[in-house]
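> Pasting a structure below so you can have a look.
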Number of protein chains: 2
Amino acid sequence: MASRLSTRQLCQGLSRGSSQRLVLAPLANQKRSLATPAHPVTQDETGSKGPTAMVFMNMGGPSTTDEVGDFLSRLFSDGDLIPLGRLQNYIGPILSARRTPKIQKQYSEIGGGSPIRKWSEYQNAEMCKILDKISPQTAPHKPYTAFRYANPLTEEMYQTLLKDGFGNGKGGRAVAFTQYPQYSCSTTGSSLNDLWRWRHRLEGKTNEANPAGSITWSVIDRWPTHPGLVEAFAQNIEAKLAEYPEERRKDVVLLFSAHSLPMSVVNRGDTYPAEVAATVHAVMQRLKFSNQYRLCWQSQVGPSAWLGPQTSDTVENYVKKGQKDLVLIPIAFTSDHIETLYELDLEVIGDSGHPDTVKRADSLNGSPVFIQALADIAKDHLASGQACSFQMGLRCPACTSERCGESKRFFASQQQGLDSLLGVKA
Amino acid sequence: MASRLSTRQLCQGLSRGSSQRLVLAPLANQKRSLATPAHPVTQDETGSKGPTAMVFMNMGGPSTTDEVGDFLSRLFSDGDLIPLGRLQNYIGPILSARRTPKIQKQYSEIGGGSPIRKWSEYQNAEMCKILDKISPQTAPHKPYTAFRYANPLTEEMYQTLLKDGFGNGKGGRAVAFTQYPQYSCSTTGSSLNDLWRWRHRLEGKTNEANPAGSITWSVIDRWPTHPGLVEAFAQNIEAKLAEYPEERRKDVVLLFSAHSLPMSVVNRGDTYPAEVAATVHAVMQRLKFSNQYRLCWQSQVGPSAWLGPQTSDTVENYVKKGQKDLVLIPIAFTSDHIETLYELDLEVIGDSGHPDTVKRADSLNGSPVFIQALADIAKDHLASGQACSFQMGLRCPACTSERCGESKRFFASQQQGLDSLLGVKA
């Protein structure tokens, strides 16, 4: 009753006493924002539980070389990704400033920027089209992108959601869909911590987990052995193997390459190495173990210990042993980015001395099999009514990050909101 | 002709001039050995391709505390397991001598010895009984055990095979069946190098890979995600979970524990960490991800870097976080041994402060599901006609061991002998 009165008083105050300028300015802004190709929230007739915002989370990459500085600055200030302890705010900017010219040069060599935004938006839009058909009850599905270190950042995505009519008193449902198939605290964990931070800043300042009318979030937090993902990888490997003469094809060695982790993160109990290994095993099972293979790890930086064997060393060592037919397979990232286009293609393959026989399987990018897999994963998630995987709730044994604890508690707490949204009885 | 003459001359010499004592002594020995319960090679009517020697390979363990010194001495002198480089022969004995009293004490606390021989012999005998039924064409199947560091050692097993009528001009087939489900150069690799060494010493001094009448070997070198193995693990986990009150059962955290590896071995490209992770994922899929879980690594020794997170730390950290319902699952060893009975049960659980809620799933030991799985794996292998897995032929990228190279070449070369034994046309 009190809140109804105050709302009425506010409305009266606005119509009576406020200057037209104050009232119209936000309206004009609103019109401008509606003129951009935002995603209006309109209830589809079939979508009794829609609309649903589908938010792709990923690290992102600078779209132009001018954005490299900001990108690296955000990256090195992320303690979830690069744990520099209390010196983070001091060392981070030094490291990013020092690396900017080198990384700018790398981006200019792969065409001036990362294709990750283009691919993310394409994959998400195509997935939503399929979802509208195979999950009509949660339609319409609206694609959003939230990058951790590049535009569109999590804050920008969240502001767009609010502008589009989600939350801010209107409720609605959003799915945070990590685009890292295997869970790491450094990647998906960092994105979720960022999402939790912005949720708290933009619509959760109360102590309640689910303030009335706020967005109800659920999370697709890992999908390392989804059959559609496995099939998409396998098809791209088979296509690359077909480029070798038939008599050599069976003896090509497959090198699955994933971004490495510092041993401090591995020893803390991060689940990523085991989930990457599970993906590799599933892909090899699908290929009926047709070729010999190894899992190796790339992109180690700095003097601390990282998980190996290192991809570049692995290629060098096999070439030295006389094994020159090698296919590199990026197994922990779903579209091209600097680690494939520059590090694998230009550095590892370029330096191998055998660029004709050391090849790389295509990234998943626009693979229709992959996009169908995304839709299947999302459909299953929407049908499950689960806020997140059960496994996500378990912190790493040696985790001391309060941020991780809070964030995990928040996403688990969304189950209540989700149950009430979906009409599930307790 | 020359050799026939000399043989005849030798026989003449023996019958004419040798003392009866010299001739009879070996015969008497032979009689004694035949009087022991050895495995006579008799062709089963149904077994057109039998008999088949089924050799279980494992690390072994001292059956009594008196055997601990020899066990450790062999263990620390194995460069495949504990790479001490050129100092192996110097440091190995020092380390083993220093550790002997401590390890003797541990064995005396678990009943005076390792049960691994008992379980290996039981599992193998039971498996062979099943194999005789489900693979009659390779029957009879004869069980043998070859331990790497304890009796019966590889040499002893090989001598028994020869005494039993395999090889030494009589040919026949033997299967080296590793009892480590996941392949590591430190474990299965070391056992195979040892087998190759004894094969070379006892029946392969020519340069030929398959001297006429020698034993034809094939290898079951890894089986990390065999459905029967996965089922056996899953059933033992479910049985342990059933010991918790129903309302707490879902919140028990599963801690899969495998023997760790030095990071030098991991970074060389050993396949073990990824294959252990594949087992864990397969078991969790079978359990429908019913509980939260982590993979951790135990038995780290010495000052060098090993793969983590460490099992003991993991239990300690979760207990500190308030998670006291934990089930430890030994996931890389198939029967009880000091790492389960002493390290997990007495040390990790004993030191946890919560021995009633921190529990351990039973080892596979006499599990009929597991023994059926062993038989199924062996049957598939026998039917495949393959000398070893394709993957086994690929050396680790940073491997520099000529021993490994030679051993892998030898086992791959057995394909030719196997094809001719099985009547496969090239």
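The values are calculated or read from the model by the stated rules, or taken from the named source; none is laboratory data. Please read these numbers as outputs of a predicted model, since none were measured by experiment. Positions of Cβ are generated from backbone atoms using ideal geometry, with glycine treated the same way; all protein chains shown enter the neighbour counts.
This table checks each residue for (1) among the hydrophobic types (A, V, I, L, M, F, W, C); (2) in the same structural domain as B:Thr340 (by the TED database); (3) surrounded by 15 or more Cβ atoms within 10 Å (Cβ to Cβ).
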position	(1), (2), (3)
B:Ala375	yes, no, yes
B:Asp380	no, no, no
B:Ser389	no, no, yes
B:Leu394	yes, no, yes
B:Pro397	no, no, yes
B:Glu406	no, no, no
B:Arg409	no, no, no
B:Ala412	yes, no, yes
B:Gln415	no, no, yes
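> What number of residues within region A:228-269 satisfy the criterion of being part of a helix (DSSP H, G or I) and surrounded by fewer than 16 Cβ atoms within 10 Å (Cβ to Cβ)?
7
> Return the residues of region A:309-333 that are in contact with a Gly (Cβ under 9 Å, 6 or more places away or on another chain), in contact (Cβ under 8 Å) with a residue 24 or more places away in the chain and surrounded by 22 or more Cβ atoms within 10 Å (Cβ to Cβ); say none if nothing qualifies.
Of everything in region A:309-333, just one residue is in contact with a Gly (Cβ under 9 Å, 6 or more places away or on another chain), in contact (Cβ under 8 Å) with a residue 24 or more places away in the chain and surrounded by 22 or more Cβ atoms within 10 Å (Cβ to Cβ), namely A:Thr314.
> From the residues in region B:249-281 that are among the small types (Gly, Ala, Ser) and facing chain A (nearest Cβ under 7 Å), which one is farthest from B:Leu326 (Cα to Cα)?
For region B:249-281, the residue satisfying everything is B:Gly269.
> Then there's this: Looking for something part of a helix (DSSP H, G or I), assigned by the TED database to the domain that holds B:Leu241 and under 16 Å from the mean Cα position of the chain (by Cα) - is there at least one such residue anywhere in region B:343-366?
no
> With the requirement that a residue be more than 10 Å from every other protein chain (Cβ to nearest Cβ) and in contact with a Phe, Trp or Tyr (Cβ under 9 Å, 6 or more places away or on another chain), what does region B:309-325 give you?
Hits for region B:309-325 are B:Lys324, B:Asp325.
> Give me the pairs: first residue in region A:244-258 and within 14 Å of A:His354 (Cβ to Cβ), second residue of a type in the set (Lys, Arg), beta-carbon distance under 8 Å, and six or more apart or on different chains, which are they?
Close Cβ pairs (under 8 Å, with a partner that is of a type in the set (Lys, Arg)) amount to A:Val253/A:Arg294; A:Leu255/A:Arg294.
> Can you pull out the residues in region A:376-407 that are touching a helix residue (DSSP H, G or I) at 6+ places or on another chain (Cβ under 7 Å), in contact (Cβ under 8 Å) with a residue 40 or more places away in the chain and closer than 17 Å to A:Lys49 by Cα?
Hits for region A:376-407 are A:Ala378, A:Lys379, A:Leu382, A:Ala387.
> Report whether or not A:Ile220 is within 17 Å of the chain's Cα centre (by Cα) and hydrophobic (A, V, I, L, M, F, W, C).
Against the criterion (within 17 Å of the chain's Cα centre (by Cα) and hydrophobic (A, V, I, L, M, F, W, C)), A:Ile220 qualifies.
> Looking only at region A:282-292, count every residue that is facing chain B (nearest Cβ under 9 Å) and under 18 Å from A:Phe333 (Cβ atoms) and tell me the total.
1
> Inside region B:168-183, can you point out the residues that are closer than 14 Å to B:Met392 by Cβ and small (Gly, Ala, Ser)?
B:Ala176
> Here's a follow-up. Kindly evaluate B:Glu238 against the criterion of being free of Cβ contacts under 8 Å to residues at least 12 places away in the same chain, over 30 Å from B:Phe411 (Cβ atoms) and away from every other protein chain (no Cβ under 14 Å).
Against the criterion (free of Cβ contacts under 8 Å to residues at least 12 places away in the same chain, over 30 Å from B:Phe411 (Cβ atoms) and away from every other protein chain (no Cβ under 14 Å)), B:Glu238 does not qualify.
> Does A:Pro211 qualify as being modelled with pLDDT under 95 and assigned by the TED database to the domain that holds A:Ala146?
yes
> Also, quick follow-up: Kindly indicate whether A:Ala305 is in contact with a His (Cβ under 6 Å, 6 or more places away or on another chain) and either surrounded by 18 or more Cβ atoms within 10 Å (Cβ to Cβ) or at pLDDT 95 or above (or both).
The answer is no for A:Ala305.
> Take the conditions more than 10 Å from chain A (Cβ to nearest Cβ), acidic (Asp, Glu), under 19 Å from B:Thr188 (Cβ atoms) and in contact with a strand residue (DSSP E or B) (Cβ under 8 Å, 6 or more places away or on another chain) and apply them to B:Glu339. Does it pass?
yes
> Return a yes/no flag: does region A:115-122 have any residue that is aromatic (Phe, Trp, Tyr), out of contact with any strand residue (DSSP E or B) (no Cβ under 6 Å at 6 or more places or on another chain) and touching a residue at least 24 places away in the same chain (Cβ under 8 Å).
Looking through region A:115-122, at least one residue is aromatic (Phe, Trp, Tyr), out of contact with any strand residue (DSSP E or B) (no Cβ under 6 Å at 6 or more places or on another chain) and touching a residue at least 24 places away in the same chain (Cβ under 8 Å).
> Could you say which residue among A:Ser96, A:Ser135, A:Ser73, A:Ser114 is hydroxyl-bearing (Ser, Thr, Tyr), closer than 23 Å to A:Ile338 by Cα and at pLDDT 95 or above?
The match here is A:Ser114.
> May I pose another question? Looking at this structure, is A:Gln300 closer than 18 Å to B:Cys396 by Cα, in contact (Cβ under 8 Å) with a residue 40 or more places away in the chain and within 11 Å of chain B (Cβ to nearest Cβ)?
no
> Taking A:Gly405 and the conditions (1) within 14 Å of chain B (Cβ to nearest Cβ); (2) outside any loop (DSSP other than H, G, I, E, B); (3) modelled with pLDDT of 95 or more; (4) closer than 30 Å to B:Asn317 by Cα, which numbered condition does it fall short on, given that it satisfies the others?
Condition not satisfied by A:Gly405: (3).
> For the condition of a type in the set (D, E, K, R) and closer than 19 Å to A:Ile220 by Cβ, what is the one hit in A:Arg148, A:Arg117, A:Arg99, A:Arg201?
A:Arg148
> Right, here's the next one. Quick check: anything in region A:187-197 of a type in the set (A, V, I, L, M, F, W, C) and not in a helix (DSSP H, G or I)?
Checking region A:187-197: not a single residue is of a type in the set (A, V, I, L, M, F, W, C) and not in a helix (DSSP H, G or I).
> Taking into account only those residues within region A:167-194 that are closer than 18 Å to A:Leu421 by Cβ and touching a strand residue (DSSP E or B) at 6+ places or on another chain (Cβ under 9 Å), which is surrounded by the fewest Cβ atoms within 10 Å (Cβ to Cβ)?
Among residues in region A:167-194 that are closer than 18 Å to A:Leu421 by Cβ and touching a strand residue (DSSP E or B) at 6+ places or on another chain (Cβ under 9 Å), the one surrounded by the fewest Cβ atoms within 10 Å (Cβ to Cβ) is A:Gly171.
Residue-by-condition table, conditions (1) more than 13 Å from chain A (Cβ to nearest Cβ); (2) modelled with pLDDT under 95:
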position	(1), (2)
B:Ala375	yes, no
B:Ala378	yes, no
B:Ala383	yes, no
B:Gln386	no, no
B:Gln391	no, no
B:Cys396	no, no
B:Gln416	yes, yes
B:Leu421	yes, yes
B:Val424	yes, yes
